[in-house]
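Every read-out reported here was derived from the displayed coordinates using simple, explicitly stated rules and does not represent laboratory data. Model, not experiment: these values are computed from the prediction. Note that each Cβ is placed from the backbone with ideal geometry, even for glycine, and that neighbours are counted across all protein chains shown.
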Amino acid sequence: MAGYLIFYGSYRRDRLGIRLADYLLRRFAERGENAELVDAQEVGLPILDRMYKEYAQGEAPSAMAELAERIGAADGFVFVTGEYNWGIQPGLKNLTDHFLEEWFWRPAAIASYSAGRMAGVRAGTAWHGTLSEMGMVVVSSTIAVGQIQNTLDERAMPKGDGGQALDRAFPRFADDLAWWSEAARRQRADKAPPY
């Protein structure tokens, strides 16, 4: 698959952040770009015991093997993250930790959200270092949606001032990710990664 994987990791009953993931899927499609949602809850990987690479060939759980293939084929990633007690959502972190080399040499972008004013930025900041350590280049453009319930309606359509701000922020976010994705794709085709 050429395009983006959009990762979402909330396991909560009333998941407001899925609105942001759906918004991003729609906006990338409007640009003619392929993007697919990877919902950690739907994938349902167990709490990390073994990474994908630690299984013998053909012995990893099928959901893990399928996702490893999708990650390895993607041009880039978007991590949609809420903030739990100033930190990273455990469901999304658990999903990402099952993989390592699959992430290498591709860009990642961070879109954070919260029901409050802080817009998940503390989790976004934490993700920046985590994704870099996992071998991704994190693009400088971010999206941060505060008071998500007042920014995106149940159909993930923008509303109010927050929705207008989100619509204004998206093009730069998408352009930044597209530029780095194209650069990384060309470089991987031209020269093998050093490890």
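So what are the three principal axis dimensions of region 74-148 from its Cα atoms, in whole Å, longest to shortest?
Result, largest extent first: 35, 24, 18 Å.
Using a ≥ b ≥ c from the Cα gyration tensor of region 37-128 (square roots of the eigenvalues), is it rounded, prolate or oblate, where a/c under 1.5 gives rounded and otherwise the larger of a/b and b/c decides, a/b for prolate?
Details: a/c = 2.42, a/b = 1.78, b/c = 1.35.
Prolate.
The chain: D in µm²/s via Stokes-Einstein (Kirkwood Rh, Cα pairs, 25 °C, 0.890 mPa s)?
The estimated diffusion coefficient comes to 145 µm²/s.
What size of dipole, in debye to the nearest 20, comes out for region 25-172 about its Cα centre when the only charges are +1 on Lys and Arg C-beta atoms and -1 on Asp and Glu C-beta atoms?
Value, rounded to 20: 640 debye.
Which of the lysines could a cross-linker bridge to Lys191, judged by Cα under 29 Å and excluding same-chain residues fewer than eight apart?
The qualifying lysines are Lys53.
Gap in Å between the Cα centre of region 96-169 and the Cα centre of region 1-80?
14
Arrange the following residues from fewest to most other Cβ atoms within 10 Å of their Cβ: Met136, Met64, Met118, Met157.
Met157, Met118, Met64, Met136
Can you tell me how much longer the chain between Arg12 and Glu36 gets when fully stretched, taken as 0.36 nm per residue apart minus their C-alpha distance, in nm with one decimal? Walk me through the numbers on the way to the answer.
Details: separation 24, 0.36 × 24 = 8.64 nm, distance 2.10 nm.
Gain in length upon complete extension: 6.5 nm.
Using each residue's phi in region 97-102, evaluate 6.51 cos²θ - 1.76 cosθ + 1.60 at θ = phi - 60° and report the 3J(HN,Hα) Karplus result to the nearest Hz, with x for Gly and Pro.
Ordered by residue, 3J(HN,Hα) equals 5, 6, 10, 9, 4, 4 Hz.
Can you put Asp39, Asp153 in order of Cβ neighbours within 10 angstrom, beginning with the fewest?
With the sparsest Cβ surroundings first, the list reads Asp153, Asp39.
Pairing the Cα long axis of helix 160-190 with the longest principal axis of the chain, what angle in degrees results, from 0 to 90 and rounded to the nearest 10?
For 160-190 against the chain, the angle is about 20 degrees.
Taking every pair of alpha-carbon atoms in region 95-195, what share in percent sits in each 5 Å bin, from 0 to the bin with the longest distance?
With a bin width of 5 Å, the distribution comes to 3, 12, 18, 19, 18, 13, 10, 4, 3, 0.
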